[in-house]
Amino acid sequence: MKQFLLTLLFTGLVLAGNAQKIGGQRVFEFLNLSPSARVTALGGQLLAVRDSDLASAYQNPALLNPKMDKQLSFNYNFYAAEIGSGYAAYAQHVEKLNMTFHGGVQFVDYGTFDQTDEFEQNLGTFKAAEYAINIGASRQLYENLAVGANLKFITSQLESYNSTGLALDLGAYYRDTSSNFSAALVVRNAGLTLSSFRDDNREYLPFEINLGIAQKLKYLPFRLTINYRNIDQWNILYDDPNVVDEGPLLGDVQSSERGWFAVNVDNFFRHLSFGGEFLFGKKENFRVRAGYNHQRRAELKVAEFRSLAGFSFGVGMKVSKFRIEYGRAIYHLAGGVNHLSISTSINEFKR
């Protein structure tokens, strides 16, 4: 088993060398979309909470555990202009191997487009979509430490242009049961393209290294999550010369010029997303959530107009044998996206 894990780690590091490109030079960005309504409501990432939520294993395979045995998860995100994305998965625990496996499919359907020539003559229609087939496994190495890996086969079909690729995720999860503290480290989307949209153009995957922590309070049914994205790259600022410099955090206070400190504080918080989850009931069957993503707010806010861009919220509840989740993320002054999830376990129907 140790040799298998070392092989995965070595493979991930090798593939990562082919993936460290950013800023519009990467394909398959849909791999970083939120897989579930719960993740959407908590700011877009959930790396360090290991419970029965199967969809969370898409972002960190180390979160797979026996509680997810025979669980089914279906998720759909409603975007603007009738664009939709979704993720469906199933998990199986194998007691003899002391491992939990899962498989799933992620997709984005961009819809149907009118095809025209340079003279605006209608030539018909075409479709665009992207898919990722995901398989993964996790194993408990020690009482407080688990590791996991995901392997994804990716395909993108945009009119007559096609691209395929392979991506590997490696995750580690640590939990201190005495203090209800947990932490996770994830290497995501280390990989390469098998075929490109253009034969003469090399394409890169959206590689990133992320860190997450979670703290459940002792005397309050509340869990705080903080995630730091892109450890591998410090500067993730988007430099738009047409935008007036603004305050370092919520971006609603204007200033004529920002100094070194303000710029670096803004850049630091763009790496972070925050989430809070209230857990009500003895079995925590009713949950209320909220989150904040500073990078989303900083890049999508409208100057001189206050809005809730960057904020998110949601609710989840268990109804009979099904868990139903709703999440909404505010992307822009014009609106946001709605995410719905439903999950159940086949074991529930055997009782």
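Key figures for this structure:
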item: Largest-first ordering by accessible area, 1.4 Å probe, given options K301, K152; result: K301, K152
item: Where the chain is the region considered: accessible area per residue in Å², 1.4 Å probe; result: 52
item: Burial order of peptide ranges 93-100, 206-213 (average beta-carbon count within 10 Å, highest first); result: 206-213, 93-100
item: Cα gyration tensor shape of the stretch 137-226, rounded if a/c is under 1.5, else prolate or oblate by comparing a/b with b/c; result: prolate
item: Packing rank of 335-343, 166-174, where each peptide gets the mean count of other beta carbons within 10 Å, highest leading; result: 166-174, 335-343
item: GNM flexibility winner over the chain from G281, G84, G148 (Cα, springs under 10 Å); result: G281
item: Protein accessible area in the chain, 1.4 Å probe - carbon and sulfur %; result: 60
item: Extension reserve of the S196-D232 stretch, reckoned as 0.36 nm per residue once the Cα distance is removed; result: 10.5 nm
item: Rounded if a/c under 1.5, otherwise prolate or oblate - the stretch 47-122, Cα gyration tensor axes; result: prolate
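The values are calculated or read from the model by the stated rules, or taken from the named source; none is laboratory data. Remember, predicted model here, so these are calculated numbers, not experimental data. A quick note on method: Cβ atoms are made from the backbone with ideal geometry, for glycine too, and the neighbour counts reach across all protein chains shown. Accessible surface is based on the protein model in full, side chains and every heavy atom, while ligands, DNA and RNA are left aside. Shrake-Rupley method; radii C 1.70, N 1.55, O 1.52, S 1.80 Å.
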